[in-house]
Every structure is written in C-alpha cells, then in structure tokens.
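Before any comments, here is the structure.
Just so it is clear, none of the values below were taken in a lab; they were calculated from the coordinates. Since the structure is predicted, the reported quantities are computational estimates derived from the model, not experimental observations. Please note: Cβ atoms are built from the backbone with ideal geometry, for glycine as well, and neighbour counts cover all protein chains shown.
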Amino acid sequence: MPRPLLELSQVSKSFGGVAALRAVDFELEAGEIHGLVGENGAGKSTLMKIIAGVQTDYDGAMLLSGQPVRFLSPRDARVAGIGMVHQELSAVRDLSVAENVFLGAQPLNRLGLVAWAAMRRQAVEHLQRLEIEVDPGARMGTLSLGLQQLVELARVLFSGARIVILDEPTSALSPPEVERLFGLLRRLRDEGRTFVFISHFLDDVLAISNRLTVFRAGAAVATQSCAGTSKRWVIDRMIGAGHEKLEESYLADIALPRCPAAKTVLAVNGLTRPGAFRNVSFEVRAGEVLGIYGFLGSGQLEVAHALFGHPPASHGSIILDGRSVRLSSAPDARRSGIAFIPESRKMMLFGAEPVYKNMTITILDRIDRLWLRPGVECRIASRHVKQFHIRPPRVERPLSTLSGGNQQKVALAKWLTHLPRVLILAEPTRGMDVGAKDDVVTILRSLREQGLAILVVSSEPETVLSLADRILIMRKGAIVREFAEEPISKDRMLEAA
C-alpha cells in the first residue's frame with residue numbers, strides 16, 4: 001500500500017480551555033476526494049485550518065509525503081501545495097474576475113506594472129480549461145454566489161495546489177451547478193488532484209467522495225468508504241443514539257399543515273424589479289411560516305432583500321398590518337417592524353467583536369441613549385445563549401471563534417430581544433449540521449406560536465421542507481407553484497423549480 005499523501009497524528013487543539021480537537025488521527029490519500037461530516041463545532045473545520053496553515057498553535061504531528069511539516073501561515077501551506085476555499089468566500093467583490101483569479105500573483109510586464117491584457121487572456125484560458133464560462137472583466141460582486149464559488153476554486157487550483165480543501169462548496173449552488181462542480185472535481189481527481197470535501201449535505205458527500213470521516217465532539221469517530229454507505233449510517237454516527245426524531249425529520253417527506261385562520265400581516269402585490277423578479281404576489285399570516293424555494297438565481301433572495309429595502313423593488317405594493325408601506329431602505333423596513341437575516345453572515349455580524357455586542361447592537365438605544373452598558377448587554381446576551389443553545393456559552397468571546405451554525409444562531413438572536421412583526425430569513429440553515437438545523441427549527445416554531453409572521457427563502461429544499469407551513473416555488477424571477485395543505489417531497493419541489 002502506498003503511503004498516504006497527508007497524515008495527521010494525535011492532533012489536539014483547545015480554545016480557552018474548551019477542546020475543539022481531541023487526539024485526532026487523519027489520513028488523506030493521493031488522488032481521492034475525502035468527505036468530512038459532523039455537527040457544527042465537531043472539529044472538522046478546525047482540523048482543516050491546521051492543515052491549511054490558518055491555525056498554527058496545536059499539539060500533534062503532520063506528515064506531507066512522509067516528511068514532517070508544521071505550517072506557520074497560510075502562505076507556508078500554499079507553498080507546500082495546499083489550498084483552501086472557505087465557506088465565507090474571500091473574493092474581493094470590487095475587483096474583476098481576472099483580478100480575483102490572479103489575486104496576489106498578477107503577471108507583470110518589463111516595467112514591473114500589471115500586464116492587464118495578459119492577465120485577462122490567461123484568466124480566460126484557465127477558466128475555460130475548468131469549463132467556467134464568465135466574463136473575466138466582470139466585477140466579482142455582480143456574480144451569483146455560485147459563480148463566485150467556482151471562480152475562487154479556480155484561483156486556488158491556478159495557484160498549483162495539489163491538495164484542495166473545500167468548506168461547504170455546494171451551499172450556494174443550484175442542483176445543475178452542483179453537478180457541474182462534481183464533474184470538474186472528478187476530472188481533476190482523475191488527473192491526480194486531491195480534495196477534502198466538508199459539507200452538511202450528506203447526499204453530496206456520498207455522491208462525490210471516495211471515503212468519508214465522521215467527526216463528533218472533537219474526535220474522528222469513523223472513516224468509511226462511501227460505496228454502499230447510507231445517509232442513515234452517517235447520521236447515526238454524527239449525532240449518536242437517541243435522536244430518532246432528528247433522523248426522521250432529516251430523511252422523511254413532509255405533510256404541510258392546515259393554514260392558520262389568522263389575519264394577514266404582510267401582503268405583497270405585483271412586486272417587480274426588472275432583471276431580478278416580476279409580478280410577485282403573496283401573503284404571510286400571523287403564526288405562519290411561508291417558504292419560498294427556487295434554484296440559485298431564481299429571484300427568491302432578491303425578493304427578500306427588496307422587502308428590507310436593500311435594494312427596494314421598482315414596482316408593486318407592500319401592505320403591512322393593513323397599511324401600505326414604502327420600504328425604500330433598511331431603516332424604513334426596521335421602523336415598519338420587519339427584521340431580516342441575510343444569506344451571508346458577513347453582511348450583519350462583526351467577527352472581531354464579542355458575541356454580546358453582536359446580539360445587542362440593534363437595541364442599544366433601548367438600553368441607554370447616552371451610555372454603553374456592557375453589563376446589561378451581557379445579561380441580555382446570556383439569556384439568548386441559553387435559549388438558543390449557543391456553544392460555547394461565553395458571551396465575551398469573539399464571534400469569529402464560534403462555528404458557522406452558532407454564528408447563525410447569534411444572527412437570529414440579534415433580532416429577537418424585541419419581536420418584530422415580520423421576520424425574513426434568507427438561507428437560514430446554510431452550512432449548518434443536523435443538530436443546529438433542528439435548533440433553528442425549534443426556535444422558529446416557537447416564534448410562530450407567538451404569532452410572528454415568518455418568511456423563509458432558500459435554495460435548499462430540506463430547509464424549506466423542515467420550516468414552512470406553505471411553500472411557493474420561484475423560477476426565473478416568477479412564482480410558478482404553491483404547495484399548501486398537502487404532502488410535499490423534495491422531488492416534487494425540484495420538479496416544480
């Protein structure tokens with residue numbers, strides 16, 4: 001048997017006395033796609049950050065091609081041929097596609113200036129080799145998240161990485177884009193590249209990976225060939241015994257409940273923004289969760305942003321509690337009683353600040369109009385931490401030290417000290433494990449019981465199925481189907497979309 005390309009032995013890492021990794025052994029073979037699964041905070045991202053040189057302070061040993069290595073920076077890892085595409089993309093939105101492909105390595109002419117024409121030409125050639133069709137001169141921020149993800153992958157591959165770590169690579173992709181990505185990964189694997197594929201989409205992991213490793217509570221509890229492995233087997237090892245309800249909710253089809261006989265809180269009529277969505281009309285009642293599902297680029301995310309005035313729709317009407325409102329900006333929406341959690345945590349959270357500041361930033365004027373009162377803020381945040389099962393339960397910790405799922409819970413808690421009239425959530429469970437998703441479902445059901453009108457928009461069918469009382473399907477900017485008071489399956493949703 002050939003020696004593994006990468007070996008980690010007895011790797012341990014703690015943050016503030018809390019063990020993130022406990023004596024982990026991990027091997028990566030050359031020319032394989034290795035899946036990593038586990039609940040939020042299970043330790044998989046911490047291990048990958050060690051491999052990528054992001055996290056440098058740890059116990060244990062690492063061998064690359066049989067030689068001991070210890071990376072002191074991401075640059076050290078890149079020089080050794082290891083690259084990482086993070087879940088929160090590092091693309092520079094205001095630069096062009098070509099500039100992002102060559103980020104930090106722009107070709108220069110004889111005068112030491114950037115060779116712009118050569119850079120654009122080489123970017124086109126590289127992207128075409130990867131079958132990525134995109135204008136190299138387009139501003140990165142104008143692309144869909146899916147295309148941004150593919151361009152960032154191209155940048156890492158272009159750097160010469162022989163080991164590429166992909167953190168939630170399909171979370172922003174539509175099913176056709178996922179298949180396109182998988183075709184690319186298989187081709188690159190067959191050419192000798194090696195990938196680590198971190199994802200909470202178990203179907204994706206099983207479909208693309210040669211082997212997978214399951215993490216639980218900071219330990220690698222199982223490594224298995226994906227051939228013949230079932231999703232139920234993986235879930236059982238991720239969450240342990242005694243979670244039959246979680247398992248069932250993750251695997252089963254859904255029977256939509258009877259619609260509540262309650263007053264309409266939010267009514268949208270003919271909402272339109274050319275190029276994004278057209279003639280969108282729906283109602284959300286008190287004590288109801290309305291889900292809007294569509295493939296990435298179908299318009300559901302743009303509708304959610306328009307309802308928060310960010311940017312507003314150009315035509316149509318919005319009626320809130322029977323009164324017509326004009327939502328031309330986010331402050332307008334907040335004053336009207338609308339809260340919005342966007343699809344990207346970076347848009348509303350501050351990673352370097354402590355958890356409590358992220359939770360209380362929207363209510364500082366209610367605490368004191370003249371002075372900051374950290375003690376009061378910490379007490380409010382501590383209640384939310386306990387209510388939402390946020391781990392670790394320390395409100396003074398920087399938000400960036402929490403897992404993605406726990407950061408999402410902080411984003412939700414931010415709006416719930418004083419309940420809004422309407423809560424809008426875009427991709428609320430993106431990048432979250434089964435257990436964290438169940439926590440969010442429980443929280444939102446509790447808010448629904450309190451009479452809150454909730455709108456959930458997502459490109460993840462599982463998210464909408466687990467949360468919604470009614471489901472609207474969007475395709476190419478328009479609502480094309482409604483499911484209400486009937487059995488509904490993922491397959492039927494995908495077919496309608």
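Here the extension length gained between residue 203 and residue 314 equals 36.0 nm, from 0.36 nm per residue of separation less the Cα-Cα distance.
About the Cα centre of the chain, how large is the charge dipole given +1 on each Lys and Arg Cβ and -1 on each Asp and Glu Cβ? Please answer in debye to the nearest 20. If you can, show how the numbers build up before the last one.
Working: 61 positive and 54 negative charges, 257 e Å.
Dipole size: approximately 1240 debye.
So for 231, 437, 386, fewest C-beta neighbours within 10 Å to most, what's the order?
Values: 231 14, 437 25, 386 10.
Lowest to highest Cβ neighbour count: 386, 231, 437.
Working note: 222 nm ellipticity from helices only, DSSP H runs with n ≥ 4, each -39,500 (n - 2.57), summed and divided by the residues of the chain, gives -9500 deg cm²/dmol to the nearest 500.
Which loop GluC sites (Glu not before Pro) in segment 115-200, with loop taken from DSSP, have no more than 16 other Cβ atoms within 10 angstrom of their Cβ? Please report the intermediate quantities before stating the final value.
Details: sites: 125, 131, 133, 152, 177, 179, 191; in loops: 131, 133, 191.
When the GluC sites (Glu not before Pro) of segment 115-200 are filtered for loop state and at most 16 Cβ neighbours within 10 Å, 131, 133, 191 remain.
For the pair segment 261-279 / segment 47-71, the C-alpha centres are spaced 51 Å from each other. Would you give the gap between the C-alpha center of segment 187-237 and the C-alpha center of segment 368-416, rounded to a whole Å? Computed from Cα coordinates, the inter-centre distance equals 33 Å. Among the trypsin sites (Lys or Arg not before Pro) within segment 74-154, those in coil by DSSP and having at most 12 neighbouring Cβ atoms inside 10 Å are 93, 110.
Using a cut-off of 29 Å between Cα atoms, the listed pairs 357/490; 357/437; 13/357 include 357/490 as exceeding that distance.
With a cut-off of at most 13 other beta carbons within 10 Å, and DSSP calling the residue loop, which GluC sites (Glu not before Pro) in segment 386-487 qualify? Please list them.
396, 485
Taking only the C-alpha atoms of segment 6-246, the Rg (one decimal) and the largest Cα-Cα distance, Dmax (whole number), read 18.6, 67 Å.
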